[in-house]
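Presented below is the structure to which this report refers.
The values are calculated or read from the model by the stated rules, or taken from the named source; none is laboratory data. Everything numeric here is computed off the predicted structure, so don't read it as measured data. Reconstructed Cβ throughout: ideal geometry from the backbone, glycine too, with neighbour counts over all protein chains shown. For accessibility, only protein heavy atoms count, side chains too; no ligands or nucleic acids. Shrake-Rupley method; radii C 1.70, N 1.55, O 1.52, S 1.80 Å.
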Amino acid sequence: MATHPRSLHALLGGGAVADVLLWRRRNASAAAVVAASAVWFVFERAGYSLPSVLANALLLLVAILFFWAKSASLLNRPLPPLPNLEVSDVVVEKAADRALVWINRVLAVGHDIAIKRDRKVFIQVILILWMVSYVGMLFNFLTLIYIGVMLSLLVPPLYEKYQDQVDEKLGVAHSVLSRHLDTIITRAGQSAKQKKTE
């Protein structure tokens, strides 16, 4: 078995989330699969909508807190323990920094397509957007999220177990796709040159 410079656990960020994704905390991973399946069933098969479930849950929470506070004052009991419900500046700054990185990446790709006229990036973006559009026609948004959650919980442990074989097959697939993409770019460039000469 070949050694890898970074483990999959480290690539997934380490810590509790990586443990859950790699099924090292089996109970938490199983709970995530069951919770995702239950949420998908409630919204997709049972016909509930997200706004109505959220509104009903918040209505129930507000009613419980209101009656708890009223009964606590009448019975000389402590008020309900509520945490400080504030978003700190640090959290907002971290989120803005992460969003800024992604926005700059998207803008850089747009720059490469529009200004540099990079055919390879253009064709890659077209193919990715077409695939997203095609998959989006097959499933609704909630089902896509459910599939993404299930794949994120099921693929990493399989990849960790069969990492060498998967890397080998993906390397072969990458080289074949790169060759086909280069052929398409070359033909597109040749047809553009022929049109200019005519």
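For the chain, the 222 nm mean residue ellipticity estimated from helices alone, with every DSSP H stretch of n ≥ 4 adding -39500 (n - 2.57) and the total spread over all residues, rounds to -26500 deg cm²/dmol. Counting pairwise Cα distances across the chain, what percent come out greater than 32 angstrom? In whole percent, the share of Cα-Cα pairs in the chain beyond 32 Å is 47. Residues LYS70, LYS161, sorted by accessible area with the largest first, give LYS161, LYS70 [1.4 Å probe; ligands and nucleic acids excluded]. Extending 7 Å from Cα along the Cβ direction at ILE184 and again at LEU85 yields two label points whose distance is 5.0 nm. Protein heavy-atom accessible surface, 1.4 Å probe, per residue over the range 25-117: 86 Å².
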